[in-house]
């Protein structure tokens with residue numbers, strides 16, 4: 001049996017890949033990668049390394065998660081070094097926990113290699129600090145896309161009433177619903193919002209507006225997209241640096 005490295009590929013910029021992640025990519029016998037992992041990373045693999053694409057898009061999953069878990073397991077039975085390369089960080093909405101549990105129950109050795117999460121890096125590349133003294137003392141990272149087969153919502157919207165920064169990942173197609181829910185719990189319609197498309201990449205785009213107007217202004221952006229809600233968005237004019 002081989003060893004599986006559940007590896008965070010970071011937010012997109014190749015230079016934000018960790019040294020440890022780069023090392024296991026170079027050692028890998030097979031790399032099982034998703035849509036959000038920068039494909040340039042695969043060029044670092046050794047000759048003869050196999051590549052298995054298991055990317056997902058809204059409504060266009062190439063492989064269900066349950067089958068993906070089995071793909072990782074089967075490759076661990078055939079190869080010494082298996083890298084499961086995941087965009088961002090494996091444990092921040094990356095389903096790395098599910099994959100790790102599946103392997104653990106089958107006696108497969110695995111290791112978690114954290115990645116730089118887009119939850120903080122994409123806002124940083126947009127000139128938006130998720131915390132700032134006197135503006136926001138904390139931030140929440142919230143899924144913007146819950147499993148469709150779940151009854152109700154796991155998001156406690158009432159807990160989002162304060163002025164802390166809220167980062168929504170994978171929420172672009174639910175942007176209208178997110179804005180309405182935030183207004184319904186009492187946030188002003190002119191509350192600042194930023195939408196970041198392809199954060200940390202050369203073709204990154206940032207749209208800044210309010211809860212009332214962001215849906216129309218951010219229409220048509222290419223994914224992946226994240227949403228930042230909070231007064232820290234107003235700091236972008238002085239802090240934007242990445243072009």
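Taken together, the values in this text are just the output of simple stated rules run on the coordinates, not laboratory data. What you see is a predicted model; the values in this text were computed from it and never measured. A quick note on method: Cβ atoms are made from the backbone with ideal geometry, for glycine too, and the neighbour counts reach across all protein chains shown.
A convex hull fitted to the Cα coordinates of region 122-217 yields 104 cubic angstrom per residue. Taking 31, 228, 185 as the candidate residues, the one with maximal mean-square fluctuation in a Gaussian network model of the chain, Cα springs under 10 Å, is 185. Sorted on the mean count of surrounding Cβ atoms within 10 Å across their residues, most packed first, peptides 157-165, 46-54 read 157-165, 46-54. Each label point was placed 7 Å from the Cα along the Cα-to-Cβ direction; for residue 212 and residue 35 their separation is 3.4 nm. In this rough spin-label picture, where each label sits 7 Å from Cα along the Cβ direction, the residue 234-residue 159 distance is 2.7 nm. The order of the peptides 230-236, 85-91 by mean Cβ neighbours within 10 Å, most packed first, is 85-91, 230-236. Of all DSSP-defined beta bridges confined to the chain, some 40% are antiparallel rather than parallel. What does the C-alpha gyration tensor say about the overall shape of region 3-113? Classify as rounded when a/c is under 1.5, otherwise prolate if a/b is larger than b/c, or oblate. The shape class here is rounded.
Using the empirical formula 2.2 N^0.38 Å as the baseline, the Cα radius of gyration of the chain reaches a ratio of 1.06. Can you tell which of 192, 222, 129 shows the greatest fluctuation in a Gaussian network model of the chain with Cα springs below 10 Å? Answer for the Gaussian network model of the chain: 222. Extending 7 Å from the Cα toward the beta-carbon at both residue 1 and residue 80 defines two label points whose distance is 1.8 nm.
By the beta-carbon count within 10 Å of each Cβ, the least crowded to most crowded order of 79, 173, fewest first, is 173, 79. For the options 28, 137, 194, a Gaussian network treatment of the chain with springs between C-alpha atoms closer than 10 Å singles out 137 as fluctuating the most.
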